[in-house]
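Beneath this line is the structure, given in structure tokens, with notes to follow.
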């Protein structure tokens, strides 16, 4: 009889857990360790299976197993994920891959690896407004910037841009907030701002906002990885212009 069940699990470093689930098929459906290695070691109760699996990998045994033992292989961080166990098999397809990505995003959120934060700057006469997502040197994390949303107040069309820079802007507004609301996990990413007579950093992208009080997302085609000691600055090309920015990012171990 074909039957598959999905189970969630959490494995702290140096932890092994028994999963009482009968079947010949075991698939590591999705998992995350907040940027650390998410490999698990699995053993069957029959002793006939001992193997390492990463998310998306599976194994099928020649005989039925009544339970499985899951261990955190690298012990680099707490792993949260989902496994599928039973009699049957999931065939890979584009749809299955899409579902895996969606569940993987939820796992990353629940492992406190996803953050959001806003930085704003009031305009000053003769100065450009700038905001920044800054990754401090020695943070031990890479910031994977996924999305930037901008809101600018200006009476005429204006350009806005994205710049890289290896120094923090002058004013610290705070750190990012985890998307796993209530978890209380602090982000290493800092939200900063400043006014300056010239645009700071090396501009790597720009586009136009055509209307006053307009909000837009910066059009990334891939995420931007910010290493420790570096940051991403958003700037407005109009002098004395208010700028509000929302950054969304993941944090992964270096």
Practice problem: Post the alpha-carbon centroid distance, the range 167-183 to the range 107-166, in whole angstrom. | Solution: 10
Exercise. Could you work out the Rg to Rh ratio of the range 144-199, with Rh taken as the Kirkwood radius (inverse of the mean 1/r over all Cα pairs)?
Key: 1.01
Quiz item: Per the Kirkwood formula on distinct C-alpha pairs, the Rh of the range 140-254 is how many angstrom?
Solution: 15.0
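For the chain, what does the relative contact order come out to in percent, with C-alpha contacts under 8 Å and a separation of six or more? Before the final figure, lay out the partial values.
On the way: 706 pairs, mean separation 64.8, N = 254.
Value for the chain: 26 percent.
What is the Rg over Rh value, at two decimals, for the chain, using alpha-carbon atoms and the Kirkwood definition of Rh? Kindly include the intermediate steps, with their values, before the conclusion.
Numbers: Rg = 23.0 Å, Rh = 20.4 Å.
Over the Cα atoms of the chain, Rg/Rh equals 1.12.
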Practice problem: With everything on Cα atoms, drop me the angle between helix 94-110 and the longest principal axis of the chain, reported from 0 to 90° to the nearest 10. | Solution: 70
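Figure the gain on full extension for residue 137 and residue 22 (residue separation times 0.36 nm, minus the Cα-Cα span) and round it to one decimal in nm. Don't skip to the end; give the middle numbers.
Numbers: separation 115, 0.36 × 115 = 41.40 nm, distance 4.83 nm.
36.6 nm is the gain from fully extending residue 137 to residue 22.
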Self-check item: For the range 1-78 and the range 224-254, distance of Cα centres in Å
Solution: 38
Quiz item: Taking the range 3-110 as the region of interest, what is the percent of Cα-Cα pairs per 5 angstrom bin, listed from the shortest bin to the one with the maximum distance?
Solution: 2, 13, 25, 26, 19, 12, 3, 0
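Throughout, read-outs are computed from the coordinates displayed, never taken from laboratory work. Being a predicted model, the structure only gives us computed values, none of them experimental.
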